[in-house]
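A.B. asks: Below is the structure I would like to discuss, written out as structure tokens.
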There are 2 protein chains.
Amino acid sequence: MNVSTKPERTRLSAENWEVAALQLIAEQGVGALAVEALARQLGVTKGSFYWHFRTREALLNAALERWEQYGEREVINEIEQITDPRKRLPELFRRVAHELQPHRVYAALLKALDHPQVVPVMARVSQRRMEFLTTAYREAGLAPPQALNRARLTYAAYVGFLQLNFTLGLPRINHEEFEAYVEHMIATLIPA
Amino acid sequence: MNVSTKPERTRLSAENWEVAALQLIAEQGVGALAVEALARQLGVTKGSFYWHFRTREALLNAALERWEQYGEREVINEIEQITDPRKRLPELFRRVAHELQPHRVYAALLKALDHPQVVPVMARVSQRRMEFLTTAYREAGLAPPQALNRARLTYAAYVGFLQLNFTLGLPRINHEEFEAYVEHMIATLIPA
DNA sequence: CGCAACCCATACTCACCCGTATGGTCACCC
DNA sequence: GGGTGACCATACGGGTGAGTATGGGTTGCG
């Protein structure tokens, strides 16, 4: 029997470092992404790290790119397969609401918008999602200006919810209550 | 004529440090709150700082407390004077929308929810605002559960908007467009 | 005037973390 | 079975920023 989470004596690849970095970002934020700390967590030393990456920045960029790439095919591609436009938005809401785990990185990145490296990534991701929401609302029957504003409102509500529940603890909404909240969002934001 | 913003050769008080800290937080975030940097900005050295405060943490706490105290009588007390409950929410929306400046600190603090010192402060502030919103929605005619969820939605939209516009730059919404967005929020979130 | 209390400068120490240099140890393959 | 390259440890240099020690200057006040 091995000691817990330590004795994986296999060699590491750049990918290992990247996913470890993303996990650390999700748990402790971008600011906590330190080379030596990550190395300790992986059971190696900096010597390993600087073989795979030229610098700390390089790791951050690689991790961000990996996350962005994954997010590409995460939700949007799945939702786009729903043919009936009127079913799309409620389904999107419910699906996003029940996959809170992949949003941890996004929430952490929101808190790191002072780092110049994350701004372009977040700008691209948010922009794509906004456009997706906007067209979805248009297809649901809203006029273009209304659709854009409703998309803004919806996305802001999503972002704000992440902040208020992941990072801030607030009265820690429970499960049934959360379901009711999601349905309330659907009823309020999606045109009948 | 004196050189710009430098030659205030008056002695400093703890209060001076606190407001300077808040300004720096609003502009560059909690992470940028460094003792020596602040001292340079105030035209003194660390020697001064460590006379007024025992540690950097102490300054942060003092600054946060000052901000929380001020926020107490900031908006809520003004709005509560509006007698007609149905006029209250639209007025609140419009007023908050046009005073984006005082929200800079709040936006900066949202990005610092990993620091254990800011969490309780933000929890209290957000909790108070949420309760205010909830009763406002009840007085506007919503049933208690609906009112609570609508308050959650509204406040999340507010928080998210701060994130997406202050820190992230997104297509930088302009003035008329912003007005239209606010009216859209009012029409969507406030019951007729 | 003179003495405190108050405010600040200078000069450190200490801890952390990035990046570099260099040598060691496996795996794999001809 | 020896050599080459991938992977990692160790040790070091350098920068930054928090906190301490201590002495000097200024202000209020008796």
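Quick note: the coordinates plus some simple rules give every number you see, no bench work behind them. Values in this document were obtained by computation on a predicted structure and should not be read as measured data. With ideal geometry, Cβ positions are generated from the backbone for all residues, glycine too; neighbour counts draw on all protein chains shown.
A.B. asks: Among A:Leu42, A:Leu168, A:Leu113, which one shows the highest mean-square fluctuation when chain A is modelled as a Gaussian network with alpha-carbon springs under 10 Å?
C.D. replies: Per the Cα network of chain A with a 10 Å cutoff, A:Leu168 tops the list.
A.B. asks: Right, here's the next one. Please report, for A:Ala123, the nm distances (one decimal) from its label point, 7 Å out from Cα along the beta-carbon direction, to the equivalent points in the remaining copies, shortest first.
C.D. replies: Result, one decimal in nm: 3.6.
A.B. asks: DSSP loop (so not H, G, I, E, B), at most 15 other Cβ within 10 Å: list which GluC sites (Glu not before Pro) in the stretch A:93-171 pass both filters.
C.D. replies: Filter output for the stretch A:93-171: A:Glu99.
A.B. asks: For the protein assembly as shown, go through all pairs of different Cα atoms, get the mean of 1/r, take its inverse, and jot down that Kirkwood value in Å.
C.D. replies: 23.1
A.B. asks: In the Gaussian network model of chain B, springs joining C-alpha atoms below 10 Å, which of B:Ile76, B:Ile25, B:Ile173 carries the largest mean-square fluctuation?
C.D. replies: In the Gaussian network model the winner is B:Ile173.
A.B. asks: Scaled to the compact-protein estimate 2.2 N^0.38 Å, what is the alpha-carbon radius of gyration of chain A, rounded to two decimal places?
C.D. replies: Ratio of Cα Rg to 2.2 N^0.38 Å: 1.20.
A.B. asks: Summing +1 for each Lys or Arg and -1 for each Asp or Glu, what net charge is found among the other residues whose Cβ lies under 9 Å from the Cβ of B:Glu139?
C.D. replies: Combined, the nearby Lys, Arg, Asp and Glu give +3.
A.B. asks: For the protein assembly as shown, what does -39500 (n - 2.57) per DSSP helix run (n ≥ 4), summed and divided by total residues, give at 222 nm, in deg cm²/dmol to the nearest 500?
C.D. replies: Only helices count here, giving -21000 deg cm²/dmol.
A.B. asks: Sticking with this one: Please identify, among B:Ala63, B:Ala108, B:Ala143, the residue showing maximal mean-square fluctuation in a Gaussian network model of chain B using a 10 angstrom Cα cutoff.
C.D. replies: The residue that fluctuates most here is B:Ala143.
A.B. asks: Treating cross-link reach as a plain straight distance, find the aspartates and glutamates whose alpha-carbon is under 19 Å from the alpha-carbon of A:Lys111, omitting any fewer than eight places away in the same chain.
C.D. replies: Cα-Cα hits under 19 Å: A:Glu27, A:Glu57, A:Glu65, A:Glu68, B:Glu27, B:Asp114.
A.B. asks: Please compute the average number of Cβ atoms from other chains found within 10 Å of each residue's Cβ in peptide B:143-153.
C.D. replies: Mean shielding count: 4.
A.B. asks: Counting Lys +1, Arg +1, Asp -1, Glu -1, what net charge surrounds A:Ala34 among other residues with beta carbon under 11 Å of its beta carbon?
C.D. replies: Its environment carries a net charge of +2.
A.B. asks: Then there's this: Charges only on Cβ, +1 for Lys and Arg, -1 for Asp and Glu: so what's the dipole of chain B about the Cα centre, in debye to the nearest 20?
C.D. replies: Details: 23 positive and 22 negative charges, 76 e Å.
Computed charge dipole of chain B: roughly 360 debye.
A.B. asks: How big is the gap, in Å, between the Cα center of the stretch B:121-192 and the Cα center of the stretch B:35-81?
C.D. replies: Rounded to whole Å, the Cα centres lie 27 Å apart.
A.B. asks: Can I ask one more? Determine the dipole magnitude for the protein assembly as shown: charges of +1 sit on the beta-carbon of Lys and Arg, -1 on that of Asp and Glu, nothing else is charged, the reference point is the Cα centre, and the result goes in debye to the nearest 20.
C.D. replies: The calculation lands at about 660 debye.
A.B. asks: Defining a contact as two alpha carbons under 8 Å apart and six or more residues distant in sequence, what relative contact order in percent does chain B show?
C.D. replies: Working: 125 pairs, mean separation 42.1, N = 192.
Here the relative contact order equals 22 percent.
A.B. asks: Then there is this: Per-residue HN-Hα couplings for the stretch B:129-142, Karplus 6.51 cos²θ - 1.76 cosθ + 1.60 at θ = phi - 60°, whole Hz, x for Gly and Pro?
C.D. replies: Listing the rounded values in order: 5, 4, 5, 4, 4, 4, 5, 4, 5, 5, 5, 8, x, 7 Hz.
A.B. asks: Check each of the trypsin sites (Lys or Arg not before Pro) in the stretch B:123-192 and keep only those in coil by DSSP with at most 13 other C-beta atoms within 10 angstrom; list them in order.
C.D. replies: Values: sites: B:Arg124, B:Arg128, B:Arg129, B:Arg138, B:Arg150, B:Arg152, B:Arg172; in loops: B:Arg172.
For trypsin sites (Lys or Arg not before Pro) across the stretch B:123-192 that sit outside H, G, I, E and B with at most 13 neighbouring Cβ atoms in 10 Å, the list reads B:Arg172.
A.B. asks: Kindly express, to the nearest 10 degrees and within the range 0 to 90, the angle between helix B:144-162's C-alpha long axis and the longest C-alpha principal axis of chain B.
C.D. replies: 40
A.B. asks: If you don't mind, another one. Taking a label point 7 Å from Cα toward Cβ, how far is B:Pro145 from its twins in the other copies, in nm, shortest first?
C.D. replies: 3.7
A.B. asks: Sticking with this structure for a sec: Give me the inter-chain shielding for A:129-142: mean count of other chain Cβ atoms within 10 Å, whole number please. Walk me through the intermediate numbers first.
C.D. replies: Details: counts 0, 3, 0, 0, 0, 0, 0, 0, 0, 0, 0, 0, 0, 0.
Mean shielding by partner chains, rounded to a whole number: 0.
A.B. asks: A further question on this structure: Compute the angle between helix A:14-28 and the longest alpha-carbon principal axis of chain A, please, reported from 0 to 90 degrees and rounded to the nearest 10.
C.D. replies: 60
A.B. asks: Using the alpha-carbon atoms, what tilt in degrees (0 to 90, nearest 10) does helix B:56-72 show relative to the longest principal axis of chain B?
C.D. replies: Helix B:56-72 sits roughly 40 degrees off the main axis of chain B.
A.B. asks: On to the next question. Determine, for each peptide in B:155-164, A:177-186, the mean count of other beta carbons within 10 angstrom over its residues, then list the peptides with the highest first.
C.D. replies: Numbers: B:155-164: 23.3, A:177-186: 16.9.
Per-residue Cβ counts within 10 Å, averaged per peptide and sorted highest first, yield B:155-164, A:177-186.
A.B. asks: Okay, moving on. Smallest Cβ-to-axis distance in chain B, for the rotation taking B to A: which residue, how many Å?
C.D. replies: Output: B:Gly160, 2.
A.B. asks: As I understand it, the dipole of the stretch A:14-65 uses +1 on the Cβ of Lys and Arg and -1 on the Cβ of Asp and Glu, about the Cα centre. Which of A:Trp51, A:Gly29, A:Asn61 lies farthest toward its positive end?
C.D. replies: With unit charges placed on the Cβ atoms, the residue in question is A:Trp51.
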